[in-house]
1. Would you mind stating whether A:Val278 is within 14 Å of chain B (Cβ to nearest Cβ), free of Cβ contacts under 8 Å to residues at least 60 places away in the same chain and touching a strand residue (DSSP E or B) at 6+ places or on another chain (Cβ under 8 Å)?
2. If the Cβ limit is 6 Å and pairs must be 6+ apart or interchain, which residue in region A:79-91 that is on the phi > 0 side of the Ramachandran plot pairs with which residue that is open to solvent by 10 Å² or more (accessible area, probe 1.4 Å) and assigned to a loop (DSSP other than H, G, I, E, B)?
3. Consider region A:36-91. How many of its residues are part of a loop (DSSP other than H, G, I, E, B) and within 30 Å of A:Gly155 (Cα to Cα)?
4. Only residues in region B:174-194 that are among the hydrophobic types (A, V, I, L, M, F, W, C) count as the first member; pair them with residues that are open to solvent by 10 Å² or more (accessible area, probe 1.4 Å) and modelled with pLDDT under 85, Cβ under 8 angstrom, at least 6 apart or cross-chain, and list the lot.
5. Go over the candidates B:Leu95, B:Leu120, B:Leu103 one by one and state the one that is out of contact with any strand residue (DSSP E or B) (no Cβ under 7 Å at 6 or more places or on another chain) and either aliphatic (A, V, I, L, M) or in the same structural domain as B:Thr230 (by TED's automatic domain parsing) (or both).
6. Of (1) in contact with a Cys (Cβ under 8 Å, 6 or more places away or on another chain); (2) open to solvent by less than 30 Å² (accessible area, probe 1.4 Å), A:Ala44 satisfies all except one. Which?
7. Tell me, please, whether a residue that is surrounded by fewer than 24 Cβ atoms within 10 Å (Cβ to Cβ), closer than 25 Å to A:Asp70 by Cα and touching a residue at least 24 places away in the same chain (Cβ under 8 Å) can be found in region A:234-250.
8. Do we find that A:Glu109 is in a loop (DSSP other than H, G, I, E, B) and either away from chain B (no Cβ under 14 Å) or more than 30 Å from A:Gly304 (Cα to Cα) (or both) in this structure?
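The values are calculated or read from the model by the stated rules, or taken from the named source; none is laboratory data. Computed from a prediction, not measured in an experiment: that's the story for all the values here. Here the Cβ positions follow ideal geometry from the backbone for every residue, glycine too, while neighbour counts run over all protein chains shown. Please note that ligands, DNA and RNA were not included when accessible areas were found on the heavy atoms of the full protein model with its side chains. Shrake-Rupley method; radii C 1.70, N 1.55, O 1.52, S 1.80 Å.
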There are 2 protein chains.
Amino acid sequence: MQKEKAKILLAHGGGGRLSDELIRGTILRILGQQEAGKLYDAAAITLESKEICFTTDSYVVEPLFFKGGDIGKLAVCGTVNDLAVCGAKPIVLSLSFIIETGLEFEVFEKILESIRDAALENNVSIVTGDTKTVEQGKADKIFVNTTGIGIRLVGVELGFDKIKTGDVVIVSGTTGDHGMTIISQREGISFEGELRSDCASVYPLASKLLKETDGIKFMRDPTRGGLAATLNEICMQTGLGIEVRQADIPVKPTVQAAADMLGFDILNIANEGKFVAVVSPQSAEKCLAICRKEPLGKDASIIGQITEKQDAPAVEMITRIGGRRVVQMPYGRELPRIC
Amino acid sequence: MQKEKAKILLAHGGGGRLSDELIRGTILRILGQQEAGKLYDAAAITLESKEICFTTDSYVVEPLFFKGGDIGKLAVCGTVNDLAVCGAKPIVLSLSFIIETGLEFEVFEKILESIRDAALENNVSIVTGDTKTVEQGKADKIFVNTTGIGIRLVGVELGFDKIKTGDVVIVSGTTGDHGMTIISQREGISFEGELRSDCASVYPLASKLLKETDGIKFMRDPTRGGLAATLNEICMQTGLGIEVRQADIPVKPTVQAAADMLGFDILNIANEGKFVAVVSPQSAEKCLAICRKEPLGKDASIIGQITEKQDAPAVEMITRIGGRRVVQMPYGRELPRIC
């Protein structure tokens, strides 16, 4: 006879004895946070600097586990990446769960292990947290919020206002891997060859670029909305144009095949371990060389440049066959619950 | 003919044009955050001090709107309070939404207005945010996460380790108001007289106490699990006992009547605008006087004291009729989705 698996109950979120058991017996045990064992309402921290970056993300990805990662790894890397592309060193995270009653402890523990491993790997501490439970049918298994504080790297100033005509646009690797992995898995379609989320921290590579060159003007990780959303956002915020060359945008053949088959424009598809950097023309080759030396940046590519101010600033793409098309801001329907 | 009300779509969370419209056209417009209009992945902030407190909470309260507040006000005050009771001045908040497709814009806008008003009143800035959407039936209208950074008040050191036998336990006002309001409203029961959530920021009063006296050892806001959970937590963490007098625990008659009728122990019921303070015997009367001068603390009361180390440290209550009973840590089933 199979023993029924232990499940999260509504009372685990009630703030009483069962909450305490969940927090001490499961969450803190797995995260290995002895310090947090004191369970104050807020964590007292002494930062290295007053110059910080602060960012939040709630993760609702479906399915919870996918090739190359899971909601736990994503929740750590995603927030770390938002700090990294703003020129900050990620230091601490908060961690908040909304759990649907009935979630198996086994699943929750796997996610916690993933969070612990990703935090260790990224050298960030999870210093405070919260756990809420809701009735069955009032959430989808588990939602995770991480909010992060990073210390701004000294001398680094990034911003839309630094971007000028002639600047060069670099992407740190292949595009669309995360989104196409999620959607294929969700649709139950398997593709030959490698289809795997790129979920990873970009901090090591981003900080290397920022420390070893002085030409970085702006960085962003092209998550929801993909490369198209990031490039359009740059145009909207700067009033400048962007010209990219389709042939220079790195895409894995399997990812492209999946996108073609399912009818997606690869430029709209989310990434979770890539960044777009706008750099000065003088530093472009050096930036590219630095990227390509690292595993995370081995497929990095110069994909285009910032162009003259136009009446209606837009992203234009020179297609493989030499035509031109405007890359629109995606509408948003492409991929729900991708992160 | 009635026009159908505008609703949140799945595509509003897709990271594209509709997300952008939601963020700029609704969220930032209502919050009045022109600065945030730049929409970086993370907010760059310069803090006044490196000594901070950091706290997170996800809010899943049901119903969204209740007498005395709503999920928006709660999300600001709750996180502000966690900072306040740790001896910090709340400075900035992050704000993250998980929205069920189909939520009416009208409802969302009301919540945003509430968040804006509470933030203004509490002098905290909302500096970064995130919005996710999920399919109908995969969340319950809206969940809100706020994560806060506060600056630690100079010279203030609170902690379980400061608590000693003989210290005095003060509660800043009546107990159980928030929880009994929510549960009564949810059950569709109306009580004569005042039944209204105490949802409020305790920072003004807590900081006054911390600045004007030096006898405060520890503070906590007795939210989920109520007074019983907070007092038991103190015993567990210090290994000391607590003796409280039932007659001195302030409870509004309507709140007590509602608890009696619905079969709840008022000590287990959540508050959202109260704190428990453990103070030195010398400072107790002064603390009480300071509380009672302020509207938020007008019902403050000395409810008991810390007692000798015992074999099994416990909260004991001297009942109204002179008996003694142990106040248990609540199990947690009492009140789901109270905050």
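1. no
2. A:Gly87/A:Leu153; A:Gly87/A:Val156; A:Gly87/A:Leu158
3. Matching residues across region A:36-91 total 7.
4. Here the result reads B:Ile182/B:Leu335; B:Ile183/B:Leu335, each pair linking region B:174-194 to a residue that is open to solvent by 10 Å² or more (accessible area, probe 1.4 Å) and modelled with pLDDT under 85.
5. The match here is B:Leu120.
6. It is condition (2) that A:Ala44 fails.
7. Scanning region A:234-250, I find at least one residue that is surrounded by fewer than 24 Cβ atoms within 10 Å (Cβ to Cβ), closer than 25 Å to A:Asp70 by Cα and touching a residue at least 24 places away in the same chain (Cβ under 8 Å), so the answer is yes.
8. no
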